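Below: one structure, written as structure tokens.
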Amino acid sequence: MKKRVLFVCATGIATSTAAAERVADYCGDRGINIEFTQCNVASVKEYDETVDLIISTTNVPYKLKTKVMNALPIITGFGEEEFLEEVEKVLRGEK
């Protein structure tokens with residue numbers, strides 16, 4: 001079953017693309033099939049409860065029902081492996 005992931009950044013183009021590519025590669029290597037969409041932070045509320053996970057490279061200033069994870073470790077490289085392991089657990093329903 002495909003997991004739906006929303007990647008968010010300030011513009012919906014730059015850092016969300018980097019995060020999406022890295023997470024998609026990581027998940028693909030582990031047999032997790034994801035379908036992803038990107039948007040800017042102003043549009044994130046439109047996707048609440050329509051995706052399995054929201055991964056953002058910027059602060060999301062809204063209270064959402066969908067789990068939001070901060071992707072800063074992918075951008076900085078510090079804590080990236082731990083972040084990706086956490087994403088895997090969430091998508092597998094372990095968290």
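Looking at the chain, what % of the alpha carbon pairs are farther apart than 21 Å?
More than 21 Å apart: 22 percent of the Cα pairs in the chain.
Say the dipole of the chain comes from +1 at the beta carbon of Lys and Arg and -1 at that of Asp and Glu; which of A18, T76, L91 then lies farthest toward its positive end?
Of the listed residues, the answer is L91.
Could you pull out which residues in the stretch 58-94 have an amide N less than 12 Å from a spot 7 Å beyond the Cα of D29, following the Cα-Cβ vector?
So the set is 81-82, 84-85.
So how much slack lies between A18 and K67, counting 0.36 nm per residue of separation and subtracting their Cα-Cα distance, in nm? Before the final figure, lay out the partial values.
Numbers: separation 49, 0.36 × 49 = 17.64 nm, distance 1.99 nm.
Contour length minus the Cα-Cα distance gives 15.6 nm.
How much mean residue ellipticity at 222 nm does the chain get from its helices, if each DSSP H run of length 4 or more adds -39500 (n - 2.57) and you divide by all residues, to the nearest 500 deg cm²/dmol?
Helices in the chain give a 222 nm mean residue ellipticity of -10500 deg cm²/dmol.
Run the numbers on the chain and let me know its relative contact order in percent, using alpha-carbon pairs under 8 Å that are six or more apart.
With pairs under 8 Å counted, the relative contact order is 31 percent.
About the Cα centre of the chain, how large is the charge dipole given +1 on each Lys and Arg Cβ and -1 on each Asp and Glu Cβ? Please answer in debye to the nearest 20.
360 debye
Taking a point 7 angstrom from the Cα of N40 along the C-beta vector, which residues in the stretch 5-22 have backbone N less than 15 Å away?
Backbone N within reach: 8-17.
Could you tell me the number of lysine pairs in the chain with C-alpha atoms less than 16 Å from each other, where the two lysines are 8 or more residues apart or belong to different chains?
Within the chain, the lysine pair count is 10.
All of the numbers you see were taken from the coordinates with simple rules; none came from a lab. Small disclaimer: the values here were computed from a predicted structure and weren't measured. Don't worry about glycine lacking a Cβ; one is built from the backbone with ideal geometry, like all the others, and counts go over all protein chains shown.
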